[in-house]
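Scroll down for the structure; my scribbles are underneath it.
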């Protein structure tokens, strides 16, 4: 048997099984030729910690994992409950900072004391390392603190459809997803505006026997106070960094401060949970998985996002550069204009709404993004990410199993 002395470790690279790595990292590792020293066989009586310190497994591979909320002390859990109730009484947990008492009214998000949930079910539309073989236990919250004009879930995020649930009722659903659905995780989708209720629901569910990781699936329009409340409760942050320029976010997201907020939020998320890590079955358990949806004509903003991530967050960040943009929500809709006569003041009088061929000639809303993204735009963002030093991408694996 070949083993390594501890004093040789600092000069040797980590040897990572090729089958578990994306192509770029594999090529880098294959270029290494470590000097192996023959030493006596390590006996079975020697400690497991000594074997683990050899770093023969990737730093992103976990032997086992215990969710963070299960490691929280009762004192810290009690503090978080108190903080959550206080925030509901004067809501300031999202960048909108409405300051409303959500026991009595609503702010920008139009959601009060209870959450409104549109869908709760095992979901197979996420990244392979998230959905696995049994699905991700997805909870789609109604409404949002953004108003993205291209939102592909606009029927959920822009409308108050669904069932009202208390935090305790929501936590009970997590248990059902775990026990009946046998899901790999609980995936909270668009939860930025219901963080106090989410915190309370996780604390309730842990007392009822929840034991799977929690995913916070967000637009990144989160406040630092919100993420502080979630610290210790969330295992995987799944943020989306949408656009870079304030003018773009003001027009398309209805939030001029989006990029500044997203940069702060993503750094705070990574500081809490680090880079994405997996157990041997290929299922993600902890860390950050960042998404960027490439949009038509906005590839330069995508490139800037990739450079910033590599330089300010981590070059080991797991990134999903997505190409499935399509016109949705308000994009491509005909601007509402009416047929009518021009009056003496030069103003058009109200008439009936134009339809058919006449309407087709009318100007379309958000015409600059009223098309699918092309392969060249996606490839340019990907190459920019690689040039910046990013290498862990959500690509189809070149082997049986998940790409970790």
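The values are calculated or read from the model by the stated rules, or taken from the named source; none is laboratory data. Computed from a prediction, not measured in an experiment: that's the story for all the values here. All Cβ positions, glycine included, derive from the backbone under ideal geometry; neighbour counts span all protein chains shown.
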Problem set entry | helices (runs of 4 or more DSSP H) (entirely within the stretch 291-404) containing at least 1 residues that are assigned by TED's automatic domain parsing to the domain that holds residue 259 and at pLDDT 95 or above | 299-312, 375-388
Exercise. Do the conditions hold for residue 250, that is, is it outside any loop (DSSP other than H, G, I, E, B), in the same structural domain as residue 301 (by TED's automatic domain parsing), free of Cβ contacts under 8 Å to residues at least 24 places away in the same chain and surrounded by fewer than 24 Cβ atoms within 10 Å (Cβ to Cβ)?
Worked result: yes
Problem set entry | residue 120 vs. criteria closer than 19 Å to residue 178 by Cα, touching a residue at least 12 places away in the same chain (Cβ under 8 Å), in contact with a helix residue (DSSP H, G or I) (Cβ under 7 Å, 6 or more places away or on another chain) and not in a helix (DSSP H, G or I) | yes
For this session: Taking residue 242 as the residue in question, decide whether it is at positive phi and not in a helix (DSSP H, G or I).
Result: no
Problem set entry | Meets criteria (assigned by TED's automatic domain parsing to the domain that holds residue 196 and more than 24 Å from residue 148 (Cα to Cα)) for residue 129 | yes
Exercise. Do the conditions hold for residue 218, that is, is it surrounded by fewer than 24 Cβ atoms within 10 Å (Cβ to Cβ) and touching a residue at least 24 places away in the same chain (Cβ under 8 Å)?
Worked result: no
Seminar exercise, completed: If we keep only residues of the stretch 172-189 that are buried (at least 24 other Cβ atoms within 10 Å of the Cβ) and part of a loop (DSSP other than H, G, I, E, B), then the residue farthest from the chain's Cα centre (by Cα) is 184
For this session: Kindly establish whether residue 169 is more than 22 Å from the chain's Cα centre (by Cα) and within 13 Å of residue 139 (Cα to Cα).
Result: yes
Exercise. Would the stretch 71-82 turn up any residue that is in the same structural domain as residue 232 (by TED's automatic domain parsing), buried (at least 21 other Cβ atoms within 10 Å of the Cβ) and in contact with a helix residue (DSSP H, G or I) (Cβ under 9 Å, 6 or more places away or on another chain)?
Worked result: yes
For this session: Can you work out which of the residues in the stretch 204-239 that are in a helix (DSSP H, G or I) and closer than 27 Å to residue 150 by Cα is nearest to the chain's Cα centre (by Cα)?
Result: 227
